[in-house]
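Since the structure comes first, as C-alpha cells, the remarks are kept for the end.
The values are calculated or read from the model by the stated rules, or taken from the named source; none is laboratory data. Note that this is a predicted model, so its numbers are computed, not measured. Glycine also receives a Cβ, built like all others from the backbone with ideal geometry; neighbour counts cover every protein chain displayed. When the accessible area is computed, the model is the full protein with side chains, heavy atoms only, and any ligands, DNA or RNA have been set aside. Shrake-Rupley method; radii C 1.70, N 1.55, O 1.52, S 1.80 Å.
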Amino acid sequence: AKVLAAGLGKQLDLLRLESANSETGVRLSSALTAVVLVGAAALSRLGAEARSGAATALLDGALLRSRAPSHSKLLRQAISALEDASLDVLPRGPSSKRRRRLWGSGTAQPGDTNLHASSCQRWPPLGLRACEATEDESLVAAFGAAVEPLVARAIAKKWPAVERWSDPAYLARVAGHRLVPIEVGASHLEGDGVASEGVTEQQILCTLEEFVEIVVLGGRAATCGGGAPRSVSSTVPVTAAGTRGYLAQHPLFDQIPALASDLCHPPGVPSCADRRAWFGPACTATPIHYDHHHGLLVQIVGHKLVLLWPAEARALLRAPPVGSELANTSPIDVEALGDAERSALDAACIFVELTPGDAVLIPKGWWHYARSLTVSFSVSFWWDDEFQ
C-alpha cells in the first residue's frame with residue numbers, strides 16, 4: 001500500500017505541474033484515497049506507534065493531494081479516528097528532556113513570543129494608520145470604510161493561539177506528527193527547481209516537528225535530509241530564493257482542526273474566509289506581490305515587517321504587463337536594493353511592524369512584501385466579496 005501510494009502521489013504531483021485534465025486527477029485521487037485507507041487500516045493493526053505515525057503520515061500524504069471534497073472528507077474522518085484511538089496510548093510531542101533542549105537552543109523562554117533574537121534590519125518607520133478601536137462594532141465599521149491598508153493593534157491578543165503557539169512543545173504535542181508541505185527557496189534546491197509552465201517544484205514533505213527542529217530552531221534547510229522536491233500544492237510558491245523552509249499559504253487549519261480551535265474569527269471578516277498558515281524562522285520573506293482578494297494578516301507568534309504600495313505603483317515596482325504570467329509579482333529583491341532605488345520605493349511605501357495579536361488589513365490590489373523579524377507564525381484570512 002505504501003509503495004502504491006507513493007507512486008500515485010508522484011503522479012498527482014506531476015499533474016499539478018502539467019495542468020493535466022482534472023478528470024484524470026480526480027480518478028488518481030480516488031485511487032490514492034482507496035489505497036491509503038487500506039494501508040492505514042493494515043498499519044493500525046501493528047500497534048499504537050504505527051497507528052500514530054506511519055498510518056497518519058500515509059493518510060496525510062493523500063489528504064494534501066486530494067482532488068475531491070468527498071476524498072478529503074473520508075481521509076479526515078480516518079485521521080480523526082486514528083487520533084482518537086491513539087489519544088490515551090501514545091504521548092504526543094517530545095520527551096520532557098527534549099522539550100527543555102528546544103527552549104535551551106536560544107534565549108527564549110516559554111510564553112515569550114520573540115523566540116529568537118534576529119539580526120534582520122528594521123525598515124525605516126514610514127507609518128501606517130492604526131485602528132485604535134477596541135469594540136467589535138467599531139472594528140467592523142473601520143474595516144468597512146477602509147480603502148487602504150489598516151493596522152488593528154491587539155485585535156487577537158486574547159486568542160488562545162497567541163499564548164499556546166509561542167511554545168514549540170505545544171505545537172509538537174498537538175500536531176508534531178502531522179505531515180506538512182514546506183516551501184524551500186531556489187538557492188537550496190539542486191538546479192533551479194523549475195518544472196513546467198513556470199511553476200516551481202519546491203516543496204518538501206515532512207512532519208511539523210521535523211520542520212520546527214531542523215529549520216525553525218535548527219537553522220538548517222528543509223532539504224538537508226535529502227527529501228525530493230515536489231509540487232504538492234496547486235498554489236504557486238511565494239518563497240524568496242534564500243528561504244531555508246517556510247510553511248507558507250497552507251490551509252493547515254482544515255488539515256488539523258486541533259490548531260483551528262486555538263483561533264477566533266476576526267470581526268468584520270466573512271465567516272467563509274479562507275484561512276492560511278505562514279510559519280517559519282527569522283528573515284523568511286515573501287516577495288513583493290498583490291492578491292486578487294482582500295486579506296487580513298494576523299500575527300500570532302513573533303514579529304513581522306509588512307511593506308505596502310498602492311496599485312498605481314506597478315511601474316515603480318517593475319511588474320510584468322497586466323495579463324502576462326506572474327503579472328501580480330514584482331521582480332525586485334527588497335534585500336538587494338541600492339540606495340537610490342530604495343529611496344524611490346520608500347517614498348511610495350507605507351509600513352507596519354506586527355507584534356503578537358496585531359493584524360493588518362490588505363485590500364485586494366495592494367502590493368505588499370512581508371518579512372519575519374523573528375521566528376514567526378501568522379494566519380491569513382482571505383475573501384473575495386466586500387467587507388462585511
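Which net charge results for the neighbourhood of ALA336, defined as the other residues with beta-carbon distances under 14 angstrom from its beta-carbon, given Lys and Arg at +1 and Asp and Glu at -1? Walk me through the numbers on the way to the answer.
Values: positive: ARG318, ARG342, ARG371; negative: ASP333, GLU335, ASP339, GLU341.
Taking every Cβ under 14 Å from that of ALA336, the sum is -1.
How high is the relative contact order of segment 1-85, in percent, counting Cα pairs under 8 Å that sit 6 or more residues apart?
Dividing the mean separation by the residue count of segment 1-85 yields 32 percent.
Counting only the heavy atoms of the protein chains, how much of ILE362 is accessible to a 1.4 Å probe, in Å² to the nearest 10?
20
Of LEU82, ALA62, ALA34, which is farthest on the positive side of the dipole of segment 1-85, counting Cα position, with +1 on Lys and Arg Cβ, -1 on Asp and Glu Cβ, and the Cα centre as origin?
Comparing the listed Cα positions along the dipole, ALA34 ranks first.
Using the Cα atoms of segment 234-294 to build a convex hull, what is its mean projected area in square nanometres?
Spelled out: convex hull of the Cα atoms, projected over all directions, averaged, 5.5 nm².
Using a 1.4 angstrom probe, figure out how much accessible area segment 1-85 has per residue, in square angstrom, rounded to the nearest whole.
Each residue of segment 1-85 exposes 49 Å² on average to a 1.4 Å probe.
Could you tell me whether segment 1-85 comes out rounded, prolate or oblate from its Cα gyration tensor? Rule is a ≥ b ≥ c as square roots of the eigenvalues, rounded for a/c under 1.5, then prolate if a/b exceeds b/c, otherwise oblate.
prolate
How much net charge surrounds GLY219 when only other residues with a Cβ under 13 Å from its Cβ are counted (Lys, Arg +1; Asp, Glu -1)? Present the calculation step by step, with values, prior to reporting the outcome.
On the way: positive: ARG220, ARG244; negative: GLU213.
Around GLY219, the surrounding residues sum to +1.
Over the Cα atoms of segment 270-388, what radius of gyration and what Dmax do you get, in Å?
Considering segment 270-388 through its Cα atoms, Rg and Dmax are 14.3, 44 Å.
For each pair in LYS10/LYS364; LYS304/LYS364; LYS10/LYS158; LYS10/LYS73; LYS2/LYS158, compute the distance between the two Cα atoms and list the pairs where it is over 31 Å.
Correct reply: LYS10/LYS364; LYS10/LYS158; LYS2/LYS158.
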